[in-house]
Amino acid sequence: MSLQVNLPHGEDRYRDDRHASRNYDSREQRTVNLVPNSFSTPQLIQPNARLETERYSGNRGGWRGSGGSGGRGRGRGRYGGYDNSGEKKKRPGGMVPRKVEELPKSVALAKQIITTLVDYSNLSEEDMQPDALASSAVNIAALFVTVGDLYEYPAEISKVFMQCFSTLSMQIPVVAMLVALMHRNECDAEREQLQQETQIAQPAEGGDNAEAAQRSEMAVEASASTVTKRFCERLVNEQLRSHLLAALKAGEILRARLLLRTVACLVCCRSFRLSGFISLLAALLRTVSAPLEVSGLSSPPPRAVEALFLLASSVQWVMGPLTEAAENDPHCEQLLAALETLFARVQGEEAEETGWAQQACPFRVGGPHMVFHSPPFPADPSAPTGSYPSVDPCGLPPGVAQDSLLETVALALKMVRSARSVGAPFLVTHRAAQHLQPWTRSPAREALETEPARMMSFDDGPDMAEEMVRALCERSPASTALAQPHNPASPQAPFLPWLTPRLCLFDQDTSPEAGLLLARTSPLDRHLAHTLYCDTLTFFQPLVNEDGTRTGSVELLARHLLSVSRLFAAGAEGEPLHLEYLLVEHLFQLLLQPPAQLLVASHAGLFKLLLVLCRTDPLVPPVVALAANIAFQMAPDLDPCCWRELARWFSFHLTNTKLSWPYWDFWLDELAEARAGS
């Protein structure tokens, strides 16, 4: 079943019976919510009608209004937009008026259609199925190219697509597939038009020279119009290119990662040239490898760390095409071998005498941003892997010795080794592979199985690989420098925002649900969930505009965090995977991270988010209580900065839940034992 979009009255350009007219009807338009929930802004509270019409309008002079009976002031009213002299009054405190973007009706309708496709929090279970999403994308792609609004408003519609590519982490594969399908339709339409041009240019038998000249002029005009109707190529070569370079120059590494993921998905859809993406990976590889050969370098420069993170994050999404090409292309095989060597060396598997041979985790015991000043759970001598955690998420040593960078590198190494040894990419075993690879579902697979007449690339203009490295390396050191040594008196020290610790709070012995989750998910599943949670927290955080109004809300953020679980297929018996354990674990990772991970200018935003999640989903409160109890047991070994944040959150949570807590009796027993022991 394809996705249904409710069209407003009078809009027949997007209907099947639209051929009667190219323009919109003159009938009255019905009001449509053109802004998706993910981009909506709550409206300001309006006063009641009586106060609005009498007290604040100046009709009766309640507040120094004009000329009514009892009016104490003169002129047009102090609160009516003018001062007593009749001139336009200034806003108090230099307030900047909010600029409301007015979109053309066709652009607004196109935005609504795209939003309906990618709003996973509101889609029904039937429309959320991979086959239904693929079918909807095929229909929407044909609709956009046929209607022609892409070519009448290319800048406005390109902005909508770039907003999706820059912020919607979960929906990038579907949106990239939509662009690839649109590119196929554009190529097919251009081929048909070229055939018509050939027929027009051929003079009829017995025709005169004037008719032949007219036919030639018509063919030139048709050819010129064909060149202008390449929306997808301009979107990728101009907009996607410029946004990627701008993100790297601004130090927005998470946004740059999403844009590189977009290019990787276009490669998987056979719409972007694989050689062009390989050149980007090779440029990042050179940026990381150069410091490895520098003698006496104890730690890598920040640029190399960022390039390593982008490289390990991007290669995971293009392993399928790389594996296929490596069978016949020696350059792809050399790239995979170089990646395996680099990732193994960063993890410390291959020691080197020169340069930094292993990436150190800043959150380890004794590190610059340590979470624990001593190991919370010493290793069990009888168990070589240690007693905590019992399930290692990414093959690293147990305990707090990993972060988001090392986890990404470890999984990328596993995928590269699997592709080189087995010949099948590690991603195909992913539980969310159907949503991450929608181009493999029918009917999208049928539409994308052949290459288009023209492949998209970054070939137009300067070398994209060199520009990307230049944008990454020419920033000021202060914008990306690693954090200074940990100082409890200065918790707001600069820190890489994308680097977060990986704490394993739950294991198979914690609860039956946690054991079921760990047993039925792979390390790649859990890594993807943490990645999606991180991106959602980054790009859906509430913002305060210049005029004091807010964009987004904590409730909206909570809803999108909970919708991540919809990407993961249920178990064989249809049982849920209980991803709320991974969500709470990720939030506690941020809660215990020094320096404070800024969500909404302070940890207070994270406090409220946990409270809203408890009020939204009944499955979350017991998981939050369990995580807090585990953190309570680790409190003696926590760094002071971390346990203070834990105490601040706990006081906030108890204040807003009427001191309701399931572990009071257990904690009283712990306190009694501690007092008895002292």
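The values are calculated or read from the model by the stated rules, or taken from the named source; none is laboratory data. Remember, predicted model here, so these are calculated numbers, not experimental data. As a convention, Cβ positions derive from the backbone with ideal geometry for all residues, glycine included, and neighbour counts pool all protein chains shown. The area values use the complete protein model at the heavy-atom level, side chains included, leaving out ligands, DNA and RNA. Shrake-Rupley method; radii C 1.70, N 1.55, O 1.52, S 1.80 Å.
Before we move on, is residue 424 surrounded by 13 or more Cβ atoms within 10 Å (Cβ to Cβ), among the small types (Gly, Ala, Ser) and either at pLDDT 80 or above or in contact with a helix residue (DSSP H, G or I) (Cβ under 6 Å, 6 or more places away or on another chain) (or both)?
The answer is no for residue 424.
If you go through region 527-564, how many residues are of a type in the set (Gly, Ala, Ser), part of a helix (DSSP H, G or I) and surrounded by fewer than 20 Cβ atoms within 10 Å (Cβ to Cβ)?
The number of residues fulfilling the criteria is 1.
When region 318-334 is examined, which residues are found to be under 19 Å from residue 173 (Cβ atoms) and either touching a residue at least 60 places away in the same chain (Cβ under 8 Å) or surrounded by fewer than 18 Cβ atoms within 10 Å (Cβ to Cβ) (or both)?
319, 320, 322, 323, 324, listed by residue number.
For region 506-520, enumerate the residues that are crowded, with 23+ Cβ neighbours inside 10 Å and not in a helix (DSSP H, G or I).
Within region 506-520, just 506 meets the criteria.
Inside region 605-642, can you point out the residues that are at pLDDT 90 or above, in a loop (DSSP other than H, G, I, E, B) and among the hydrophobic types (A, V, I, L, M, F, W, C)?
Across region 605-642, the qualifying residue is only 619.
Checking residue 253 against (1) open to solvent by less than 10 Å² (accessible area, probe 1.4 Å); (2) under 20 Å from the mean Cα position of the chain (by Cα); (3) under 26 Å from residue 153 (Cα atoms), only one condition comes out false. Which one?
Against the list (1) open to solvent by less than 10 Å² (accessible area, probe 1.4 Å); (2) under 20 Å from the mean Cα position of the chain (by Cα); (3) under 26 Å from residue 153 (Cα atoms), residue 253 comes up short only on (3).
Tell me, which residue of region 427-448 that is at pLDDT 85 or above and not in a helix (DSSP H, G or I) is surrounded by the fewest Cβ atoms within 10 Å (Cβ to Cβ)?
Top of the filtered list is 441.
Does residue 128 satisfy the condition of being modelled with pLDDT under 90 and open to solvent by less than 20 Å² (accessible area, probe 1.4 Å)?
Yes, satisfied.
Collect the residues in region 127-154 that are in a helix (DSSP H, G or I) and under 24 Å from the mean Cα position of the chain (by Cα), keeping them in residue-number order.
Once the filter is applied, which keeps residues that are in a helix (DSSP H, G or I) and under 24 Å from the mean Cα position of the chain (by Cα), region 127-154 yields 130, 131, 132, 133, 134, 135, 136, 137, 138, 140, 141, 154.
Let me confirm something: among 289, 313, which residue is at pLDDT 90 or above and polar (S, T, N, Q)?
313
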